[in-house]
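Take a look at the structure below.
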There are 2 protein chains.
Amino acid sequence: MKRPPLPSPFSRPASGFPDGNDAVIAFTTRIRLARNLADLPFPSRLTATQRREVARRAGAACAECRPALLRQTSSMDRLSPLDRRLLLEWHLISREMATAATGALLEEEDGRVSLMLNEEDHLRLQVLTPGLDLPGAFREADDFDTALAQHLPFAFDAELGFLTACPSNAGTGLRASVMLHLPALMVTGAVEGVARAAGRLKLAVRGCLGEGSEPWGNLFQVSNQSTLGEAETAILERLQGIVERLIRAEEAARQQLLTRNTPEEQDRLGRAFGILAHARRLGTQEAMNLLSLLLLGAELGWFPRLRPERLRRLLLEVQSGQIQLAAGRELSPPERDEQRARLTRAALADAART
Amino acid sequence: MKRPPLPSPFSRPASGFPDGNDAVIAFTTRIRLARNLADLPFPSRLTATQRREVARRAGAACAECRPALLRQTSSMDRLSPLDRRLLLEWHLISREMATAATGALLEEEDGRVSLMLNEEDHLRLQVLTPGLDLPGAFREADDFDTALAQHLPFAFDAELGFLTACPSNAGTGLRASVMLHLPALMVTGAVEGVARAAGRLKLAVRGCLGEGSEPWGNLFQVSNQSTLGEAETAILERLQGIVERLIRAEEAARQQLLTRNTPEEQDRLGRAFGILAHARRLGTQEAMNLLSLLLLGAELGWFPRLRPERLRRLLLEVQSGQIQLAAGRELSPPERDEQRARLTRAALADAART
């Protein structure tokens, strides 16, 4: 007997899968704005009572301007580690929040707009959209921010801008990031130069679960590192510039692979398929790395029977939390590896149906 | 346009594949008797004229007692390196003969009985039979030897026995060997202890192409190391004993695998199949090692759709010479790897047909 381990909104697949052609390389765009209440200390110095006050006041403000956010609220301390892991994999909470099990999350049903409470800052507004859409996602976050500001006294300094717990977020409080799938740049070995170029532009290139995570599945998060001293539009434009360069570089690398079409690369992709279709145990890293290659092959037309959309979803579904969600219960690490292999085999059979 | 690169008898598959149940682990039995003409120096000291004399006299003797051997005669210096490589893979000539390209081979059409001329000794009689049959193969070699001895003056010393170029072959001149497929002993890690035990019994355990070769495909040749000071029957009995112990140990290891049936081993076999069925380049060692695992799985009933007989043949057909034979021409090493992968994919599809 399987039981749904989580409230129903959690059973939905992670939002933010790309649809259009541009979205093949850019999986998701994420905007986060850090805000704090002027009349309370930052979360690290709050009493339990004050934390509840933050939550109450944020809830009241949302009730006025964005009531859909109140339909799904989660206190981290009441969620299981697995539930928090899932929210992390869906990019709705931070690693710190998942680990420390403090704070709360308000989210709309599709996960597109959400609000973290009492993380590092009192409020962190988030917008997560499919594909590459920095202006659209920012506009949505900005509208939400403007609406909230009519109900909440945000800490703001005329010279510094918005004040935040960590100075690195002060000013705009903006973190904009784009998740990119760059398998061809990895295969051709060109990705490191790109990361260096991004660093020179004060942009960070990280793994798919953010700071400190590895680029498993050739998934990279590119985001701004500085928030102070320039307008939001300048930050977004700089990020847009490097993201577009990365996408063009990835496209060129794919074209190169198509042109060369060497047995070495055919072999690499063939083996990726063979292992994914026949292994009985798969770790997260191996599964994501091989699925990334298979997705690349499918997108290049080398696996005409495999639908890229299904592979793209699978690339994220093999993460530990979602593996356990699919199994309907918590699993030991070896059980996860077996379940991951089962799921992958089934999904490849499914992806092959047209 | 494909041309047959070799005279037709070479196009046949290597002889000596097992049929019965006992033959699942013991692939082939080989008996070799070293003999020299008493009135000529050993081959390393022969003039070209004397070498021709050896060949002429051996041929004349065969014409009397074993005319079938004369139907297929090959001078090494007239064969291409690829042709010699094939004879080596079929266990009809030694590595030295393949490399040095000297001497000649007379063989019956099925490769079961053959005669090497002017290798290390003037004559080396060989019998190669499928499965484990030391008494049968020895009887056949002994009969042939007795018949030849009626026409040729073999160098024989009442005290030492038959005289040979290398003292290590003197006495009986007998080398008996059995090729064993021991994948379960390799998987369970027990094979090393067995090799040590064989060493104590003055038996050698080697790779499938004899001295100095690696046990690719988990194929081991077990043979006697000493030829002097005991009767042929004693040598054969000692070898029979260790071979039977190895077969029993392999069977026990297989039973252990069946009983445990762990995801780890299922995974190992699943991956072997996945890679063999989808790789686009395969080296000899990788192909033989993976095919050995797949054959083990098929024999254990874990791949009910794969016919073990086909896999058993394939395990030897992926060797470099036979890969080029199948391609109909000499291939560069990368071309061989691609051809090997093609052949393997096709053979697995073929093995799956019932």
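Please name which of A:Ala298, A:Gln266, A:Ala147 has its Cα lying farthest along the dipole of the protein assembly as shown towards the positive end, using unit charges on Cβ (Lys, Arg +1; Asp, Glu -1) and the Cα centre as origin.
A:Ala298
How far, in whole Å, is the nearest Cβ of chain A from the axis relating it by rotation to chain B, and which residue carries it?
Closest to the rotation axis on chain A: A:Gly274, 2.
Hey, can you find the accessible area per residue of the protein assembly as shown for me, probe 1.4 Å, expressed in square angstrom? Don't jump to the answer; show the numbers that get you there.
Working: 30220 Å² over 708 residues.
On a per-residue basis, the protein assembly as shown sits at 43 Å².
Under the rule of at least 5 residues apart or a separate chain, name every residue whose amide H is placed under 5 Å from the amide H of A:Phe303.
A:Ala298
Semi-axes of the equivalent ellipsoid of chain A: what are they in whole Å, largest first, if each equals the square root of 5 times a C-alpha gyration tensor eigenvalue?
Semi-axes from the Cα gyration tensor: 36, 25, 16 Å.
Can you compute 3J(HN,Hα) from phi for each residue in segment B:130-137, using the Karplus curve 6.51 cos²θ - 1.76 cosθ + 1.60 with θ = phi - 60°, rounded to whole Hz and x for Gly and Pro?
x, x, 9, 8, 5, x, x, 5
How large is the convex hull of the C-alpha atoms of segment A:111-258 per residue, in Å³?
Values: hull volume 17.5 nm³, N = 148.
Cα-based convex hull of segment A:111-258, divided per residue, equals 118 Å³.
Which whole-number percent of Cα pairs in segment A:263-352 have a distance greater than 19 Å? Each step should come with its number before you reach the end.
Details: 1291 of 4005 pairs.
Taking all Cα-Cα pairs of segment A:263-352, the fraction more than 19 Å apart is 32 percent.
What part of the accessible area of chain A, given as a whole %, is carbon or sulfur when the probe is 1.4 angstrom? Write down the numbers at each step before the final one.
Details: 7630 of 15110 Å².
It is 51 percent, rounded to a whole number.
Given 5 Å bins starting at zero, what is the percent of C-alpha pairs of segment A:199-317 in each, up to the one with the largest pair distance?
Cα pair-distance distribution for segment A:199-317, in percent: 2, 10, 16, 19, 18, 14, 10, 6, 4, 2, 0.
Give me the accessible area buried between chains A and B, both sides summed, with a 1.4 Å probe, in Å² rounded to the nearest 100. Working shown, then result.
Numbers: alone 15800 and 15810 Å², together 30220 Å².
It comes to approximately 1400 Å² buried between A and B.
Tell me, which residues of segment B:276-307 get at least 30 Å² less accessible area when the other protein chains come in, versus the chain alone (1.4 Å probe)?
For segment B:276-307, once contacts with the other chains are taken into account, B:His278, B:Arg280, B:Arg281 lose 30 Å² or more.
Hey, quick one: spin label on A:Asp157, modelled 7 Å out along Cα-Cβ, who in segment A:216-241 has an amide N within reach, i.e. under 15 Å?
A:227-230
No solvent, one uniform scatterer per C-alpha: report log10 I(q)/I(0) for the protein assembly as shown via the Debye equation at q = 0.09 1/Å, two decimals.
Treating every Cα as an identical point scatterer, log10 I(q)/I(0) equals -0.85.
Given only helices, namely DSSP H runs of n ≥ 4 each adding -39500 (n - 2.57), what is the per-residue ellipticity at 222 nm of chain A, to the nearest 500 deg cm²/dmol? Walk me through the numbers on the way to the answer.
On the way: 12 runs with 163 residues, N = 354.
Calculated at 222 nm, the ellipticity per residue is -14500 deg cm²/dmol.
Hey, can you list the residues from segment A:249-267 whose accessible area shrinks by 30 Å² or more with all protein chains present, relative to the chain by itself (probe 1.4 Å, no ligands or nucleic acids)?
With the partner chains in place, segment A:249-267 has these residues losing at least 30 Å²: A:Pro263, A:Asp267.
The values are calculated or read from the model by the stated rules, or taken from the named source; none is laboratory data. Everything numeric in this text was worked out from a predicted model, so none of it was measured. Reconstructed Cβ throughout: ideal geometry from the backbone, glycine too, with neighbour counts over all protein chains shown. Just so you know, the surface numbers come from the protein's heavy atoms only, side chains and all, with ligands and any DNA or RNA stripped out. Shrake-Rupley method; radii C 1.70, N 1.55, O 1.52, S 1.80 Å.
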